[in-house]
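Bear in mind these aren't lab numbers, they're just calculated from the coordinates by the rules spelled out. The structure displayed is predicted, hence computed values, not measured ones. Backbone-built Cβ (ideal geometry, glycine too); neighbour counts: all protein chains shown.
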Amino acid sequence: GDIDPRHLVDYLTLARTGGHAMVYADKRHTASVSGAGRARKLISVSYSTLVTAMFGLTVRDTQTGCKIIRRDVLTEVLPRLRERRFAFDLELFVATNAAGITDLHAAPVRLETRVAGSTVTTKSIVRTIRDTFTIYGRRRANHYAVYALAA
């Protein structure tokens with residue numbers, strides 16, 4: 001409820017005109033606006049720092065859920081994904097990286113202050129960190145590797 005779905009129209013236009021594999025919301029983009037409080041911003045920056053250190057991704061914001069993804073990209077990576085909660089976004093970026101898909105485009109987003117309360121709880125933070133280490137283990141075990149099919 002904190003991201004206006006109208007962003008998807010802008011992201012679709014960016015994806016089509018730029019031929020991008022994925023256009024994703026980046027709350028750290030210079031043109032982004034966030035109504036999040038200090039604690040939420042600190043959690044976000046801390047998590048993205050952990051993700052950068054563990055995975056070396058060039059994506060600065062793996063957790064803002066608004067994305068447009070080309071069908072062929074989804075067909076390639078979706079069968080390898082296991083996460084269903086907050087870590088799904090991270091796993092998507094890890095799998096695209098392992099598949100050699102690099103044309104990912106960060107786009108600005110406007111995050112409103114949530115009226116109904118935050119979905120980020122201590123329990124969800126702990127679970128996401130646990131899931132992050134699970135994804136790290138999968139990556140080390142080449143779970144996301146793309147193998148050419150024999151003809």
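Rounded to the nearest 0.05, what FRET efficiency do residue 110 and residue 145 give with R0 = 35 Å and r taken as the Cβ-Cβ distance? Could you check?
E(calc), rounded to 0.05, equals 0.40.
Using the Kirkwood formula over every pair of different C-alpha atoms, what hydrodynamic radius in Å results for the range 32-97?
13.1
Using +1 at the Cβ of each Lys and Arg and -1 at the Cβ of each Asp and Glu in the range 1-148, identify which of 75, 94, 42 lies farthest towards the dipole's positive end.
Of the options given, the answer is 42.
Given Cβ point charges of +1 (Lys, Arg) and -1 (Asp, Glu) and nothing else, what value in debye, to the nearest 20, does the dipole of the chain about its Cα centre take?
460
Which shape class applies to the range 71-147: rounded if a/c is under 1.5, otherwise prolate when a/b exceeds b/c and oblate if not, where a ≥ b ≥ c are the square roots of the Cα gyration tensor eigenvalues?
Details: a/c = 2.68, a/b = 1.42, b/c = 1.89.
Taking the square roots of the gyration eigenvalues as a ≥ b ≥ c, the range 71-147 is oblate.
Can you tell me what share of the DSSP beta bridges in the chain is antiparallel? A percent to the nearest 5 is fine. Could the numbers behind the result be given before it?
On the way: 4 of 10 bridges.
Among the beta bridges of the chain, antiparallel pairing accounts for roughly 40 percent.
When we measure straight from the Cα of residue 123, which lysines land under 24 angstrom away, once same-chain ones fewer than 8 places off are left out?
Counting by Cα, and skipping residues close in sequence, residue 123 has these lysines nearby: 27, 41.
Enter the Cα centre distance for the pair the range 1-35 and the range 82-145, rounded to the nearest angstrom.
17
Which one is right for this structure if Kirkwood radius over Cα pairs in Å is calculated from it: (1) 16.6; (2) 17.2; (3) 16.2?
This structure yields the entry labelled (3).
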